[in-house]
Amino acid sequence: MTGYVVRRILWAIPVLWAIVTITFFLMHTVPGGPFDRDRELPPSVRANLERKYGLDEPLFTQYTTYLTNLVQGDLGVSMRDQRAVTQTIRDGLPVTTQLGVSAFIFATLFGFTMGLIAALNHNRFGDYLGVFLATVGSAMPNFILATFLVIIFSVELGLTDVLGWELFNPRKMILPVIALGMLPGAYIARITRASMLEVLNQDYVRTARSKGLSEFVVVIRHTVRNALVPVLTVLGPIFAVLVTGSFIIETTFGINGVGQNFVKSIASRDYGVIMGTTIFFAAIVVTANLVVDLMYAVVDPRIRYQ
């Protein structure tokens, strides 16, 4: 098990390096820069700003300097407000984490419940309902769903607020959580249904039923655990996506989190925030995948020896 963990951790290093390298050079390839304004800056001011942030150096020199600072834990400085990128991320992280975790809980509960109901009621009403909800949820982008939810529940019914976020305030939480969590919830439902149907047709499940065990015991003790393996595989990436991919929902509902700051940094070509946020999001994705690999090894011990 120790060797398995070490191999997975070592794989994370080249992955993060590749993300940093690709993002850095793509960012500098895009036309425009952090000091482009509607009203052009005087050449002397522009030169001084570029010298201050090292943008007058050759591109490869900027790259090696950034890698050196990154290894030391320095993500750089925002060129927009002169704040450390780590502080910018730290300010928006609580809200983004609350939104992502809430959406993950909703997606997991909704997806696993609908998938379980659909599998246990195969070719009956529960199955048709689960498949319908999963299809609709997976076919509708979150920003389209958010628009419909706002029109129905905020504008027409007045049950929820349109903008802002406040933990444990249903009026501000429900719409962003549903809009962000519906797509992954639908995906979890489909994975759960397919996995449960496959396990329910196994010989050992039929043997358990033939021994006179109740359906509840058969499902809980002999079916759910084995059906969870494919579900666990997707939970890690889904969690990472929900925490790191909420910038559209944050922008739609005016939630001041890391995602919204990331969108603003792209619009203003703020190199420091773009790089720092991308690396931060990539680290979350890599960590989530690592946790899933370890959970996978616990559920299926054969994985440890691969």
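Here are a few things to note about the model shown:
- In region 34-69, the residues that are over 26 Å from I22 (Cα atoms) and of a type in the set (S, T, N, Q): S44, N48
- Output for region 247-274, where each listed residue is closer than 30 Å to K52 by Cα, in a loop (DSSP other than H, G, I, E, B) and small (G, A, S): G257, S268
- Elements of type helices (runs of 4 or more DSSP H) in region 1-77, at least 1 residues being within 30 Å of D293 (Cα to Cα) and among the aliphatic types (A, V, I, L, M): 2-29, 59-71
- Meets criteria (outside any helix (DSSP H, G or I), within 30 Å of A288 (Cβ to Cβ) and of a type in the set (D, E, K, R)) for D91: no
- From A134, A139, residue being of a type in the set (A, V, I, L, M) and open to solvent by 60 Å² or more (accessible area, probe 1.4 Å): A139
- Residues being surrounded by 13 or more Cβ atoms within 10 Å (Cβ to Cβ), of a type in the set (A, V, I, L, M, F, W, C) and out of contact with any helix residue (DSSP H, G or I) (no Cβ under 6 Å at 6 or more places or on another chain) - total across region 28-52: 3
- Residues that are more than 23 Å from T251 (Cβ to Cβ) and not in a helix (DSSP H, G or I) within region 118-157 comprise N121, H122, N123, R124, L157, listed in sequence order.
- Those residues of region 94-111 which are among the polar types (S, T, N, Q) and open to solvent by 50 Å² or more (accessible area, probe 1.4 Å), in sequence order: T97, Q98
- Taking region 246-263 as the range and being in contact (Cβ under 8 Å) with a residue 40 or more places away in the chain and of a type outside the set (V, I, T) as the test, the residues that pass are S246, E250, F253, G254, N256, G257, G259, Q260, N261.
- Checked against (1) surrounded by fewer than 17 Cβ atoms within 10 Å (Cβ to Cβ); (2) closer than 30 Å to K172 by Cα; (3) among the hydrophobic types (A, V, I, L, M, F, W, C); (4) touching a helix residue (DSSP H, G or I) at 6+ places or on another chain (Cβ under 6 Å), A267 passes all but condition (4).
- Among all residues of region 112-126, there is at least one that is on the phi > 0 side of the Ramachandran plot and open to solvent by 70 Å² or more (accessible area, probe 1.4 Å).
- From the list L67, L75, L55, the one residue that fits, being at pLDDT below 90, open to solvent by less than 50 Å² (accessible area, probe 1.4 Å), over 26 Å from P184 (Cβ atoms) and in contact with a Ser or Thr (Cβ under 9 Å, 6 or more places away or on another chain), is L75.
The values are calculated or read from the model by the stated rules, or taken from the named source; none is laboratory data. Quantities reported herein were computed from a predicted structural model and do not represent experimental measurements. Note: ideal-geometry Cβ built from the backbone for every residue, glycine included; neighbour counts use all protein chains shown. Side chains included, ligands, DNA and RNA excluded: accessible areas come from the protein's heavy atoms. Shrake-Rupley method; radii C 1.70, N 1.55, O 1.52, S 1.80 Å.
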